[in-house]
Amino acid sequence: MLPSEVLRDFIADPYFRICLDNCEPGRGRTVVMAQLGPNGTSRCVVLKPRLEHCSSAFARYIIAHELAHAHLHNGGWGEITDREEAADALAACWGFPKIPFEWI
Ligand SMILES: [Zn+2]
């Protein structure tokens with residue numbers, strides 16, 4: 001479960017969305033996203049349908065990692081300036097530690 005202040009931040013932001021990547025092999029993909037925010041950035045989390053074929057622990061980690069990016073506005077966290085490391089660290093802080101990549 002994400003901290004309540006994080007959930008409130010997402011709910012209050014009209015630029016935050018969670019979308020599903022609708023990928024049709026051979027035809028391309030369609031993603032319906034919120035418009036960009038005032039500074040030209042997005043807080044849209046796009047999830048791939050293939051997550052349903054992963055272990056639940058891996059899927060939860062990926063979703064938490066992507067939500068961490070959105071919460072951090074794709075920036076660092078504290079002293080962590082690398083965006084990917086920051087998202088992993090924040091997701092772990094929320095209770096979703098990094099899980100090795102699963103080939104699906
Ligand atoms: Zn990432």
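Filtering segment 18-30 to residues that are surrounded by 13 or more Cβ atoms within 10 Å (Cβ to Cβ) and charged (D, E, K, R) leaves only 21. Report yes if residue 63 is β-branched (Val, Ile, Thr) and in contact with a strand residue (DSSP E or B) (Cβ under 9 Å, 6 or more places away or on another chain), otherwise no. Criteria met by residue 63. How many residues, within segment 31-87, are touching a residue at least 24 places away in the same chain (Cβ under 8 Å), exposed (fewer than 13 other Cβ atoms within 10 Å of the Cβ) and either outside any loop (DSSP other than H, G, I, E, B) or of a type in the set (Asp, Glu) (or both)? Here the count works out to 4.
Taking residue 92, is it part of a helix (DSSP H, G or I), touching a residue at least 40 places away in the same chain (Cβ under 8 Å) and surrounded by fewer than 16 Cβ atoms within 10 Å (Cβ to Cβ)? Lay out the reasoning, then the answer.
Details: part of a helix (DSSP H, G or I): yes; touching a residue at least 40 places away in the same chain (Cβ under 8 Å): no; surrounded by fewer than 16 Cβ atoms within 10 Å (Cβ to Cβ): yes.
Answer is no for this residue.
The number of residues in segment 78-104 being more than 12 Å from the ligand (Cβ to nearest atom) and touching a Leu at 6+ places or on another chain (Cβ under 8 Å) comes to 1. May I ask you to verify whether residue 96 is closer than 16 Å to residue 1 by Cα and within 13 Å of the chain's Cα centre (by Cα)? Judged against the criteria, residue 96 is a match. Return the residue satisfying two criteria in turn: it lies in segment 42-66 and is more than 15 Å from the ligand (Cβ to nearest atom) and of a type in the set (S, T, N, Q), and of such residues it is nearest to the chain's Cα centre (by Cα). The residue in question is 56. Being within 18 Å of residue 5 (Cβ to Cβ) and within 11 Å of the ligand (Cβ to nearest atom) holds for only one residue in 73, 69, and it is 69.
No lab work stands behind these numbers, since they all come straight from the coordinates. What you see is a predicted model, and the numbers here were worked out from it, not measured in a lab. Here the Cβ is made from the backbone with ideal geometry for all residues, glycine too, and neighbour counts use every protein chain on show.
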